[in-house]
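The values are calculated or read from the model by the stated rules, or taken from the named source; none is laboratory data. Keep in mind the model is a prediction, meaning the values are calculated, not measured. Here the Cβ is made from the backbone with ideal geometry for all residues, glycine too, and neighbour counts use every protein chain on show.
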Amino acid sequence: MAMTQAIPIARHPFANGSYKQMLIDGQWVDAASGKRFETRNPATGELLATVAEGDKADIDRAVAAARRAFEGPWSKVKPFERQNLLLKLADLIEKNFDELSQLDTLDMGAPISRTRAYRLRVLGMLRYYAGQATAIHGETIENSLPGEIFSYTLKEPVGVVGAIIPWNGPFTATIWKIGPAIATGCTVVLKPAEEAPLTSLRIAELAMEAGVPAGVINVVPGYGETAGAALASHHDVDKVAFTGSHVTGQSIIRASAGNLKRVSLELGGKSPDIVFADADLDAAVPGAAMAVFANSGQICSAGTRLFVEQAIYDEFVGRVAEFGRKLQVGNGLDPNTQIGPLVSEQQLERVTGYLDVGQKEGARALAGGARITEGPLAKGYFVSPTVFAGVQDNMRIAQEEIFGPVISAIAFKDMDELVKRANATMFGLGSGLWTRDVSKAHHVAKSLRAGSVWVNCYQAMDPAVPFGGYKMSGYGRESGKQHVEEYLNVKAVWIKTG
Ligand code: ADP
């Protein structure tokens with residue numbers, strides 16, 4: 001297969017320094033305030049675009065459009081037609097896949113090898129939702145009431161959905177929010193992250209081209225405290241689907257109380273990844289390393305607490321550090337790059353702050369441990385893949401989500417003790433374990449309090465398999481049938497027939 005060449009930034013059709021409007025009611029419009037903000041390439045600092053900066057007034061307009069669409073012709077669109085729309089959108093995205101993956105890379109920094117690998121997550125997901133659109137059904141339920149009274153359930157779209165997404169995977173996150181909405185007959189107001197709004201806007205263009213009716217998908221870029229908060233607290237929004245930090249998740253729940261809207265939350269994590277001495281270490285070394293270093297650690301389910309059995313601790317952690325040192329760090333557009341920059345200066349400060357915390361707490365950096373300040377990468381927000389050894393459970397680097405390429409390696413001896421320690425976090429999103437012992441694998445998989453457990457692999461994802469959190473990693477599931485249910489209400493209907 002021929003590799004497509006990366007488009008030089010000045011020639012990227014959507015990230016060439018121009019101005020981007022927001023999408024409301026099928027029209028590309030300016031912010032009511034006229035305000036704009038900039039989005040830049042985190043690898044180089046170059047300006048990619050200025051973007052209309054939405055706030056409460058724009059959210060009000062977008063929600064009103066979404067409501068009109070929901071109650072108007074969209075409510076008459078049959079499942080089969082919604083399926084066709086999703087398939088058309090999938091085809092258009094497939095046709096423009098290289099351009100979109102490069103856009104994602106430019107806007108948030110992930111290596112092109114990663115954003116190109118989103119095929120299954122994006123195209124597979126849209127086609128999966130397309131299938132789900134025609135699979136929505138209620139039940140007829142036998143009841144025990146006297147006489148003849150018939151009961152059945154209807155599944156109905158929940159209504160206007162406010163979707164708020166983060167910057168760490170705008171391509172996938174946008175699809176994961178608009179896909180189930182179209183499948184179920186909901187309408188959406190999507191607020192992308194201020195750090196990386198471009199992919200969502202481009203996908204919205206393609207959705208219009210696919211024939212998604214006006215008002216069904218609206219995209220309002222802007223800041224969290226203004227546009228995001230207005231959407232979360234809006235009285236005419238029926239559900240908020242949020243992906244982001246647990247602190248913002250908490251404020252979303254508070255904001256949702258005004259009209260008791262439904263909320264689903266995919267939040268952060270501090271996931272344990274456990275390596276037993278009997279594991280295939282040749283597979284576990286790259287597996288455990290990339291469970292954290294992929295996307296520069298900017299993945300909510302990254303396996304950042306690396307628990308390693310004492311007998312192999314020094315050898316294994318040394319090998320992970322060596323693997324980390326060999327990774328190619330660089331501009332995401334370079335096809336050889338394995339680790340891109342962090343998304344922003346703010347994120348860089350946060351991660352380097354934790355590197356200092358780790359050293360002060362007494363952990364030893366076997367690899368990395370600092371920002372890259374020399375050579376061509378000095379202009380971007382690059383941090384070397386870092387492995388901290390000698391980490392204790394109560395250290396901040398073992399408890400708090402860093403969201404950077406930082407592994408905290410912790411030793412363990414006893415298995416029961418290990419499970420307690422692995423679960424001793426406020427989060428519960430991902431988890432992993434590496435062993436050749438199938439009984440141990442089942443036992444530990446059952447004991448971990450997390451929404452996903454990966455055995456002898458990490459971060460496997462599929463459109464049909466649910467993903468989501470326990471504890472403070474949130475609630476609700478994305479992917480799988482459960483995801484579609486999150487966008488549906490259940491109505492019971494009783495008909496007296498006697
Ligand atoms: P991260 O730390 O990954 O940036 P955030 O939770 O801060 O995570 O951001 C995720 C998304 O939530 C972004 O789109 C951001 O603008 C939005 N956001 C931030 N604060 C709020 C808020 N108070 N209400 C609603 N959305 C918000």
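Summary of computed values
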| quantity | calculated |
| --- | --- |
| Long-range neighbours under 6 Å by Cβ, at least six apart or interchain, first residue closer than 14 Å to His12 by Cα within the range 95-117, second among the aromatic types (Phe, Trp, Tyr) and surrounded by 18 or more Cβ atoms within 10 Å (Cβ to Cβ) | Leu103/Phe14; Asp104/Phe171 |
| Selection within the range 391-415 - assigned to a loop (DSSP other than H, G, I, E, B) and more than 16 Å from the ligand (Cβ to nearest atom) | Val391, Gln392, Asp393, Asn394, Met395, Lys413, Asp414 |
| Qualifying residue in the range 340-357 (condition: under 30 Å from Ala277 (Cβ atoms), in contact with a Phe, Trp or Tyr (Cβ under 7 Å, 6 or more places away or on another chain) and either in the same structural domain as His443 (by TED's automatic domain parsing) or more than 16 Å from the ligand (Cβ to nearest atom) (or both)) | no |
| Ile274, sole failed condition from (1) of a type in the set (Val, Ile, Thr); (2) within 15 Å of the ligand (Cβ to nearest atom); (3) buried (at least 23 other Cβ atoms within 10 Å of the Cβ) | (2) |
| Residue among Ala43, Ala57 that alone is out of contact with any strand residue (DSSP E or B) (no Cβ under 8 Å at 6 or more places or on another chain), of a type in the set (A, V, I, L, M) and either outside the structural domain of Val216 (by TED's automatic domain parsing) or assigned to a loop (DSSP other than H, G, I, E, B) (or both) | Ala43 |
| Among (1) in the same structural domain as Gln298 (by TED's automatic domain parsing); (2) under 30 Å from Ala181 (Cα atoms); (3) buried (at least 20 other Cβ atoms within 10 Å of the Cβ), the one test that His483 misses | (1) |
| Odd one out for Gly332 among (1) buried (at least 23 other Cβ atoms within 10 Å of the Cβ); (2) farther than 26 Å from Gly45 by Cβ | (2) |
| Residues located in the range 152-183, provided they are polar (S, T, N, Q) and either touching an Asp or Glu at 6+ places or on another chain (Cβ under 8 Å) or within 20 Å of Leu206 (Cβ to Cβ) (or both) | Thr153, Thr172, Thr174 |
| Single residue of the range 207-252 satisfying the filter (of a type in the set (S, T, N, Q) and closer than 23 Å to Val158 by Cβ) that is farthest from the ligand (Cβ to nearest atom) | Asn218 |
| One residue from Arg421, Arg364 being more than 16 Å from the ligand (Cβ to nearest atom), in the same structural domain as Ser296 (by TED's automatic domain parsing) and more than 17 Å from Gly303 (Cβ to Cβ) | Arg364 |
| Residue satisfying all of: in the range 234-271; assigned to a helix (DSSP H, G or I) and under 14 Å from the mean Cα position of the chain (by Cα); surrounded by the fewest Cβ atoms within 10 Å (Cβ to Cβ) among these | His246 |
| Top-ranked residue in the range 285-329 [being surrounded by fewer than 20 Cβ atoms within 10 Å (Cβ to Cβ), of a type in the set (Asp, Glu) and in contact with a Leu (Cβ under 9 Å, 6 or more places away or on another chain); ranked as nearest to Leu377 (Cα to Cα)] | Glu322 |
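Here is a yes/no grid of residues against (1) under 24 Å from Val285 (Cα atoms); (2) under 26 Å from the mean Cα position of the chain (by Cα):
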{"position": "Gly428", "(1), (2)": "yes, yes"}
{"position": "His442", "(1), (2)": "yes, no"}
{"position": "Ala445", "(1), (2)": "yes, yes"}
{"position": "Tyr470", "(1), (2)": "no, yes"}
{"position": "Glu486", "(1), (2)": "no, yes"}
{"position": "Asn489", "(1), (2)": "no, yes"}
{"position": "Lys496", "(1), (2)": "no, no"}
